[in-house]
Amino acid sequence: MPHLENVVLCRESQVSTLQSLFGERHHFSFPSIFIYGHTASGKTYVTQTLLKTLELPHVFVNCVECFTLRLLLEQILNKLNHLSSSEDGCSTEITCETFNDFVRLFKQVTAAENLKDQTVYIVLDKAEYLRDMEANLLPGFLRLQELADRNVTVLFLSEIVWEKFRPNTGCFEPFVLYFPDYSIGNLQKILSHDHPPEYSADFYAAYINILLGVFYTVCRDLKELRHLAVLNFPKYCEPVVKGEASERDTRKLWRNIEPHLKKAMQTVYLREISSSQWEKLQKDDTDPGQLKGLSAHTHVELPYYSKFILIAAYLASYNPARTDKRFFLKHHGKIKKTSFLKKHEKTSNHLLGPKPFPLDRLLAILYSIVDSRVAPTANIFSQITSLVTLQLLTLVGHDDQLDGPKYKCTVSLDFIRAIARTVNFDIIKYLYDFL
């Protein structure tokens with residue numbers, strides 16, 4: 001369908017597969033289809049656009065909004081009821097508390113004349129939340145076509161794989177369709193499609209090429225990239241508007257936009273200031289290093305356990321090893337207080353700088369500060385490697401040393417206090433210098 005290809009870009013294979021599965025309006029389609037892929041990979045957009053363009057009767061429900069069984073079932077039934085009674089213009093609210101009632105009421109609603117001879121589609125977005133509801137819900141939706149004896153297809157949209165859904169007791173297997181991440185070429189094509197009418201397509205495509213060159217390594221989320229493109233475009237075409245450069249003068253345009261893109265790098269995914277405030281800062285031509293509202297210490301967004309690993313590394317770097325028993329052992333027995341008085345120390349550890357520590361000491365401190373038990377899995381070790389890659393930790397010594405690896409924590413006190421606040425951890429209580 002040519003019209004659909006112009007609306008849905010870089011998803012031709014997935015659209016073709018879905019159209020084949022849907023078939024003709026009166027044909028029985030596949031009972032359940034499971035669509036998965038990372039965030040902003042076009043799952044919701046493609047599904048909604050396809051169903052609307054083909055004018056197929058469908059119900060779209062977000063499982064985040066419908067967080068209880070009753071809310072979810074009633075939302076589906078009431079939307080279907082509205083579809084079936086749209087010609088009459090009047091519909092009553094349906095109440096439903098169990099899946100058994102849902103099947104019975106679903107049969108009644110879909111018996112309407114305008115829904116009887118065609119496939120009805122139920123789309124469940126953010127389907128991973130179904131796993132937290134009643135155990136019979138997911139298997140029930142998977143075989144709703146069989147239970148209700150109606151021409152219905154249930155589409156599940158999720159960011160996680162089907163294997164994480166499959167119940168231990170077994171269930172009807174859906175048709176699984178994967179939406180891969182957009183490549184840099186796909187992103188270039190999609191973002192260039194949004195060009196403003198007052199500028200040429202080539203001019204906007206050159207801007208998108210520069211934007212992706214800067215942001216693609218740190219952000220591949222289409223929504224975020226689209227937001228950044230809209231936010232920074234006025235600054236990019238400023239020299240053209242003022243008459244200082246032509247649309248083809250790429251070098252001058254790049255020199256003008258480069259410092260502003262560097263500033264925007266600090267706030268990828270963060271919303272510390274609104275778009276209007278950002279535009280005001282752009283117009284004021286504020287010094288890149290002195291942006292009010294853009295905190296220098298929070299531009300690194302870390303996973304939950306990585307924050308605790310970083311906190312443990314900071315404590316290991318700035319506390320003497322002999323004080324670990326005092327800070328992290330609950331029943332450490334009698335320890336002379338005089339041995340911990342600061343007057344016996346010549347210089348503050350924070351003035352001397354971070355000291356190297358072995359991996360086992362880091363893990364020991366980590367286990368004592370995290371409330372729940374954390375197994376030393378590959379996930380924990382990979383997060384330590386990620387912190388080294390981000391240059392928040394430094395690997396000390398050679399790779400071929402016989403004993404375990406040693407690390408140093410390279411972050412400042414202000415940085416670690418900001419990180420500790422996000423996980424409600426009072427790091428000052430555990431620092432030897434602040435006894």
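The values are calculated or read from the model by the stated rules, or taken from the named source; none is laboratory data. This one's a predicted model, so the numbers in the text were calculated from it and none came from an experiment. Here the Cβ positions follow ideal geometry from the backbone for every residue, glycine too, while neighbour counts run over all protein chains shown. Accessible surface is based on the protein model in full, side chains and every heavy atom, while ligands, DNA and RNA are left aside. Shrake-Rupley method; radii C 1.70, N 1.55, O 1.52, S 1.80 Å.
In this label model, Leu21 and Lys325 are separated by 6.2 nm, measuring between points 7 Å along each Cα→Cβ vector. Under 5 Å from the amide H of Val268 lies no amide H of any residue 5 or more positions distant or on a separate chain, with H modelled from the backbone and absent for Pro and chain starts. Structure note, pairs Lys263/Lys408; Lys189/Lys262; Lys43/Lys263; Lys79/Lys116; Lys126/Lys223; Lys79/Lys164: Cα-Cα distances above 27 angstrom occur for Lys263/Lys408; Lys43/Lys263; Lys79/Lys164.
Residue ranking by accessible heavy-atom surface, 1.4 Å probe, largest first, among Lys223, Lys116 comes out as Lys223, Lys116. Gyration tensor analysis over the Cα atoms of segment 137-178 returns equivalent ellipsoid semi-axes of 19, 13, 7 Å (largest first, whole Å).
Computed extension length for Gln391-Ile184: 71.9 nm, one decimal, from 0.36 nm per residue of separation with the Cα-Cα distance subtracted. Of all the C-alpha pairs in segment 1-178, what % are more than 22 Å from each other? Above the 22 Å cut-off, segment 1-178 has 43 percent of its Cα pairs.
Between Thr98 and Lys355, the simple spin-label model (points 7 angstrom out along Cα→Cβ) gives 6.6 nm.
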